[in-house]
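Trainee: Mind looking over this structure? Questions follow.
The values are calculated or read from the model by the stated rules, or taken from the named source; none is laboratory data. This is a predicted model, so every value here is computed, not measured. Counting neighbours? That spans all protein chains shown, and the Cβs are built from the backbone with ideal geometry, glycine included. Accessible surface areas use protein heavy atoms only, side chains included; no ligands, DNA or RNA. Shrake-Rupley method; radii C 1.70, N 1.55, O 1.52, S 1.80 Å.
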Amino acid sequence: MKCTARFYKMNYDFSPEFAEAHHDGNESENNRFYDWEDELSITTDVKDIEVMDNATYTIQGERGGETFAEEIKNVLLFNIVGADGAITQMACSKSLVLKYEINKEEEAIELKVYLEEMEPLTNPIPGIYIAIQDFPKSLID
C-alpha cells in the first residue's frame, strides 16, 4: 500500500464564529484552520502502522564531528511497517497531540496527526515533532 502522513498544527486564532457567519463554517484566507501542514509520502510499500503510546524515541546524529543518541520520553510513536518488514518511525511528544487518525483503504493508508496550537515545538527531522520542553538540553546551543 501507499502511505501518506499528514501533520497539522492547529491555528489558535481560528474563529469558528467568523467562519460560520461569513464562509459557511469553512476557513478562509484570513481565518485559517491550521497554521501549517506537513505532508510526507513513504516511498516504499507499506503493510501497516503500529502506534506505541508513552514510548521513547531516540534522536541520533552527528554534532561537532561526534555522534550522539538522545532519548526523548513520553512520545506517541508511529512505526510504519514496510512490506519488507523495515520500520520507518515518526514521533510526536504526547503533549503536542490533540488527536490522530489512521485511515486504511484497499490501496492506501493515511496517518493524520493534529498538533496542539499553543505548545511550542521543534521539527528536527521530517516526521519528528518534539515539544520544546522535551527536547534534549544537550542538543541546544
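Trainee: Please count how many residues of segment 38-69 are outside any strand (DSSP E or B) and of a type in the set (Asp, Glu).
Mentor: Adding up the residues that qualify gives 1.
Trainee: Which of the residues spanning segment 70-104 are more than 17 Å from Asp38 (Cβ to Cβ) and assigned to a helix (DSSP H, G or I)?
Mentor: Listed by number, the residues that qualify are Lys94, Ser95.
Trainee: If we scan segment 116-130, do we find a residue that is open to solvent by less than 80 Å² (accessible area, probe 1.4 Å), in contact with a helix residue (DSSP H, G or I) (Cβ under 9 Å, 6 or more places away or on another chain) and modelled with pLDDT of 95 or more?
Mentor: Within segment 116-130 (the criterion being open to solvent by less than 80 Å² (accessible area, probe 1.4 Å), in contact with a helix residue (DSSP H, G or I) (Cβ under 9 Å, 6 or more places away or on another chain) and modelled with pLDDT of 95 or more), the answer is yes, since at least one residue qualifies.
Trainee: Quick one: is Leu98 in contact with an Asp or Glu (Cβ under 7 Å, 6 or more places away or on another chain) and open to solvent by 70 Å² or more (accessible area, probe 1.4 Å)?
Mentor: When the stated conditions are applied, Leu98 passes them.
Conditions (1) hydrophobic (A, V, I, L, M, F, W, C); (2) more than 25 Å from Ala83 (Cβ to Cβ); (3) at pLDDT 85 or above; (4) over 18 Å from the mean Cα position of the chain (by Cα), marked per residue:
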residue: His22; (1), (2), (3), (4): no, yes, no, yes
residue: Glu29; (1), (2), (3), (4): no, yes, no, yes
residue: Arg32; (1), (2), (3), (4): no, yes, no, yes
residue: Ser41; (1), (2), (3), (4): no, no, yes, no
residue: Val51; (1), (2), (3), (4): yes, no, yes, no
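Trainee: Continuing with the same structure: Which residues, taken from segment 56-86, are β-branched (Val, Ile, Thr), surrounded by 10 or more Cβ atoms within 10 Å (Cβ to Cβ) and closer than 28 Å to Ile140 by Cβ?
Mentor: Thr56, Thr58, Ile59, Ile72, Val75 - these are the residues of segment 56-86 that are β-branched (Val, Ile, Thr), surrounded by 10 or more Cβ atoms within 10 Å (Cβ to Cβ) and closer than 28 Å to Ile140 by Cβ.
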